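Participant: What follows is a single structure, and I will ask about it in a moment.
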Amino acid sequence: MIKTSSKVKVALVKPHAFKSNLNQAELRQSIIKEYPSRQLGNDMQSAFAPREAYKLPENTYEKERVCWVDIPEDWNQEEAQSYLNELYDKGMEPCIYQVLSHEPILTSADRSFLQTMNETEKENFMEVKRQNQQVVNPETGEIVTRNGQVLYRKLFYSDTLKEDIDNTTVKRISAVEASKETESYETSKATPTAIAIEADETITF
């Protein structure tokens, strides 16, 4: 598989919906993945000739990734795009990368926010994350699963090139569960153990 991507573009800038003194920018990036119609090599044997010499058709898939970032309040779309272009000129390769997980995906800010909540607030917070991050089949409307577990997906912006992250090979503990287990540990001094599970084929997004 060959993966290529377009440069990140600023599609829209508007006042932040929740934070004063900030604007929001909508970023978009196209991800193109090419899969050969024939398997030419494997982990044991190299392909005899360069792939292009075989002149085989390619199966090409293109997806557009979209995420939102906070930007200075006095920046418009042109200024935000100009800043992105400067990063590319410096060789920093900004990108939009994805994280896959069997649990809602939390940032350090989310985890800190959870510490200020009571149990009911934590459950409500996590339910919103579940609803927003569940992967849904656009054709059927069904929630996508892997290994019999719900698949969650979140896109993030990075100002340098960053590979996609797939956390579905290990069972993750949610922030709410982790908080409860921490309390339990203080009482019992028993260390919780992450459980390894077998991964399905990687889903392409």
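Participant: What's the ranking of 153-164, 109-120 by average number of surrounding C-beta atoms within 10 Å, highest first?
Facilitator: Top to bottom by mean Cβ count within 10 Å: 153-164, 109-120.
Participant: A 28 angstrom limit on the alpha carbon distance is what I want to check against. Which of 122/162; 33/154; 63/122; 3/154; 55/162; 33/55 exceed it?
Facilitator: Check vs 28 Å cut-off fails for 122/162; 63/122; 55/162.
Participant: Give me the one-decimal nm value for the distance between modelled label points at residue 73 and residue 134, 7 Å along each residue's Cα-to-Cβ direction.
Facilitator: 3.8 nm
Participant: So, in Å, what gap is there between the alpha-carbon centers of region 3-54 and region 118-157?
Facilitator: 23 Å
Taken together, the values in this text are just the output of simple stated rules run on the coordinates, not laboratory data. In this text the structure is predicted, and so the values were computed from the model without any measurement. Don't worry about glycine lacking a Cβ; one is built from the backbone with ideal geometry, like all the others, and counts go over all protein chains shown.
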